[in-house]
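First the structure, in the form of structure tokens, and then the observations on it.
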Amino acid sequence: MRVGLIGQLRRRWLPRGVKLRQKLELKYVWRYLVLAVDPIKGRLWWRWVERLRKESIFEVLKWFKAEGIEAVIWDNAPGHTAGLIRACGVPTVNLPPYSPELNPVERIFEELRRQIEGKVYGQIELKVEAAELLLKALTADPSRVKRLTGWPWITDALLSLPA
């Protein structure tokens with residue numbers, strides 16, 4: 001997920017006839033959040049990278065593997081399908097094009113966007129810090145992570161895998 005200072009306008013409930021005014025940042029500065037989720041146990045792992053290139057993804061995947069993550073679900077972004085990524089040894093499940101709704105991590109991203117977008121931060125570090133606080137709050141509440149990501153078809157498929 002790209003977290004940057006180019007703000008996104010958010011919808012708000014207002015009385016009828018009241019015009020919404022939102023401040024918006026227009027700075028081309030960002031970080032990328034690489035996130036893994038265990039929808040059965042409700043656990044999260046994440047790392048921030050400055051550029052979403054195959055080398056940085058490779059380093060994060062090595063860390064994921066060391067943490068015990070056995071497989072990742074990817075979309076088909078160029079950095080996700082590079083040969084270097086396959087060499088890491090973490091099995092990947094590639095999603096069909098244009099299907100983010102199939103990836104449980106996207107639900108965590110939606111929750112993050114809902115909380116951190118629509119505000120002016122001034123510095124990327126402050127926005128990353130706000131995202132970190134939310135990620136830590138989610139980590140402390142596994143039942144919430146399970147509710148967001150533990151869809152029956154995913155948990156049934158994971159539980160049916162051989163041990």
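Taken together, the values in this text are just the output of simple stated rules run on the coordinates, not laboratory data. These numbers were taken from a predicted model, which means no experiment stands behind them. In this analysis, Cβ positions are derived from the backbone assuming ideal geometry, glycine residues included, and neighbour counts consider all displayed protein chains.
Tabulated results
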{"item": "Residue order, fewest to most surrounding Cβ atoms within 10 angstrom, among ARG51, ARG16, ARG11", "result": "ARG16, ARG11, ARG51"}
{"item": "For peptides 108-118, 85-95, 29-39, sequence by mean Cβ density within 10 Å, most packed first", "result": "29-39, 108-118, 85-95"}
{"item": "Residues ARG107, ARG21, ARG147 arranged by fewest to most Cβ contacts within 10 Å", "result": "ARG21, ARG147, ARG107"}
{"item": "Derived scalar couplings ³J(HN,Hα) [the stretch 85-90; Karplus, 6.51 cos²θ - 1.76 cosθ + 1.60; whole Hz; x for Gly, Pro]", "result": "5, 5, 5, 5, x, 8"}
{"item": "Residue-by-residue Karplus 3J(HN,Hα) for the stretch 65-72, coefficients 6.51, -1.76, 1.60, Hz, glycine and proline x", "result": "4, 5, 7, x, 6, 8, 7, 10"}
{"item": "Amide H within-cut-off set for ILE73, under 5 Å, with H built and near neighbours excluded", "result": "VAL93"}
{"item": "Taking TRP74, TRP63, TRP153, TRP13 and counting other C-beta atoms within 10 Å, the order from fewest to most", "result": "TRP13, TRP153, TRP63, TRP74"}
{"item": "Cα-Cα over 18 Å, subset of LYS23/LYS119; LYS27/LYS127; LYS23/LYS127; LYS65/LYS127; LYS54/LYS136", "result": "LYS65/LYS127; LYS54/LYS136"}
